[in-house]
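Accompanying notes for the structure given below.
The values are calculated or read from the model by the stated rules, or taken from the named source; none is laboratory data. Just so it is clear, the model here is predicted, and its values are computed rather than measured. Quick reminder, even Gly has a Cβ in these numbers, built from the backbone with ideal geometry, and neighbours come from all protein chains shown. These area figures cover heavy atoms from the full protein model, side chains too; ligands, DNA and RNA do not enter into them. Shrake-Rupley method; radii C 1.70, N 1.55, O 1.52, S 1.80 Å.
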Amino acid sequence: MKAISQRIIAQLMSSFTCSIWCLNVMQHFFYSDRVYIVTWNVGSAVPPDDITSLFGPNVSDGSVDMFIIGLQEVNSMINKRLKDVLFSDQWSELCMDTLSPFGYVLVASQRMQGVLLLVFSKFCHLPFLRGVQTESTRTGLGGYWGNKGGVSARMTVFGHPVCFLNCHLPAHMRNLEQRMEDFESILQQQQFEGGTATGVLDHDVVFWFGDLNFRIEDYDIHVVKCAIDSNKLPLLWERDQLNMAKNTESILEGFTEGQLNFPPTYKFDVGTHTYDTSAKKRKPAWTDRILWRLRCTGSPVPTHNAALQRGLTSWLGGATKVTQHTYRSHMGYTISDHKPVSALFSLHFPFKVDMPLVELQVNREWCKVSDATVRFTVASTYQRSSWDWVAIYKVTQNSLHSQFSPTRIFVRDPLSKLKIHFSSLSCCLKHSNCVHQFSLDRLDSDITKITRRMCGPKESTQHR
């Protein structure tokens, strides 16, 4: 009798827990994450002094959660590449300097010669961007040269796998078939470790963008320019290679693009707003594009109960949804023969995973080294590893790839107190005007705070 009563109580408690969990899920139903994507073939140009307007009129109000920048033809001459190995390249530095004052941090970057991908996020979202990985695929010269190809970054965003793919495909009107073959090769070769989303198309959402080099067929240059001048762009949409290929190429199935309500972004005389007047007289084209693709079934709701998982996933609508708010060119930039293109999206998640894997509790301000004691708890779902570590970063840093090394402390028992010891050579305590501050390396009076990143053994060092 007693055993029966215990089972009944356990079932009631389980039902109560599930009800509370469902209420929490409902509170987050259709949680929206705003993503702003920029693509620009910069034509090996030196960055301009200011690119703030490239990120939209609301860059300063924090309404965007993530900024994604895809560049093509970044200067990759041998002298520039050697310098970029030692220091961040000029374009990355400019993007970080532009976005970091508004609270955005560089989460991931991947470069393959002139193809560069940068992923920025609000600082507060960092604990919920997990499994960050990057890949690159060369397709130039039969796969031996990286002037063409694709670079990608994937991660789970609040529990949903998302992939950003920046491509530079072969040029010229005649190479349509080669463009499709290269894109298919990129999708086949880019594979990620761990999780269910091992391929690009396995992710809940894929954003595909870059200098895709699709052209306008049939019409000669005079017809194209006349249609642009008279704002008869729908006439050109019909003969756009990418629009036509979406109806015939199976590899493009599911990819969606907003309406092209802006003039073709290629090819311009550098320094002007005039289409190509050189001897070649390249025909204007929408070479610079931003598309997205949704997986038919979304990520399952996280729960250990398989039946409950299936029911809730079905009930909550399953798949992530995407809304495009803007899709435009930025005609004011003249340093390249291409104009940059941007798009603003909302990602509507049916649920979100917003419980951090590790939570730190710092009870008081650290006034001396003996105060440097931290308590922290680890989520039951977190798989511990001997590679786990805790670090101290500058609050003002603009990248997780900062050039100074954070102080690392190896974790022995995450359920007990963690005593952090500072090396006198790398971290010392400063006292100025009754405000306690830390000095990391030679960075005097940099206010710091604790943040944590837990890395598994398979992640590359750039992600730690």
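Restricted to strands (runs of 3 or more DSSP E) entirely inside the stretch 325-400, those with at least 1 residues that are modelled with pLDDT of 75 or more and surrounded by fewer than 19 Cβ atoms within 10 Å (Cβ to Cβ) are 341-349, 358-361, 373-378. Of all residues in the stretch 137-148, none are in contact with a Gly (Cβ under 7 Å, 6 or more places away or on another chain) and within 18 Å of Val35 (Cβ to Cβ). On inspection, Asp204 fails the criterion of being touching a Cys at 6+ places or on another chain (Cβ under 8 Å) and among the acidic types (Asp, Glu). Filtered by the rule that a residue be open to solvent by 10 Å² or more (accessible area, probe 1.4 Å) and either aromatic (Phe, Trp, Tyr) or touching a strand residue (DSSP E or B) at 6+ places or on another chain (Cβ under 9 Å) (or both), the stretch 115-127 gives Lys122, Phe123, His125, Leu126, Pro127.
Has the stretch 147-166 got any residue that is in the same structural domain as Asp65 (by the TED database), open to solvent by 10 Å² or more (accessible area, probe 1.4 Å) and assigned to a helix (DSSP H, G or I)? Looking for residues that are in the same structural domain as Asp65 (by the TED database), open to solvent by 10 Å² or more (accessible area, probe 1.4 Å) and assigned to a helix (DSSP H, G or I), one finds none in the stretch 147-166, hence no. Per the conditions (1) modelled with pLDDT under 95; (2) under 18 Å from Ala45 (Cα atoms); (3) in a helix (DSSP H, G or I), the sole criterion not satisfied by Ser76 is (3). Taken over the stretch 121-173, residues that are touching a residue at least 60 places away in the same chain (Cβ under 8 Å), out of contact with any helix residue (DSSP H, G or I) (no Cβ under 8 Å at 6 or more places or on another chain) and of a type in the set (Phe, Trp, Tyr) amount to 2.
Any chance the stretch 88-98 includes a residue that's in a loop (DSSP other than H, G, I, E, B), surrounded by fewer than 21 Cβ atoms within 10 Å (Cβ to Cβ) and among the hydroxyl-bearing types (Ser, Thr, Tyr)? Within the stretch 88-98 (the criterion being in a loop (DSSP other than H, G, I, E, B), surrounded by fewer than 21 Cβ atoms within 10 Å (Cβ to Cβ) and among the hydroxyl-bearing types (Ser, Thr, Tyr)), the answer is yes, since at least one residue qualifies.
With respect to (1) of a type in the set (Ser, Thr, Tyr); (2) open to solvent by 20 Å² or more (accessible area, probe 1.4 Å); (3) in contact (Cβ under 8 Å) with a residue 12 or more places away in the chain, the lone exception for Thr265 is condition (2).
Looking across Gly271, Gly195, one residue alone is modelled with pLDDT of 95 or more, open to solvent by 10 Å² or more (accessible area, probe 1.4 Å), in a loop (DSSP other than H, G, I, E, B) and at positive phi. It is Gly271. Quickly run through the stretch 229-255 and pick out the residues that are hydrophobic (A, V, I, L, M, F, W, C) and more than 33 Å from the chain's Cα centre (by Cα). Within the stretch 229-255, Leu235 is the sole residue that qualifies. Evaluating Arg130 against the criteria (1) in contact with a strand residue (DSSP E or B) (Cβ under 7 Å, 6 or more places away or on another chain); (2) open to solvent by less than 50 Å² (accessible area, probe 1.4 Å) leaves one unmet condition, (2).
Restricting to the stretch 47-66, and then to whatever is aliphatic (A, V, I, L, M) and assigned to a loop (DSSP other than H, G, I, E, B), can you tell me which residue is nearest to Ser121 (Cα to Cα)?
Ranking the candidates gives Val64 first.
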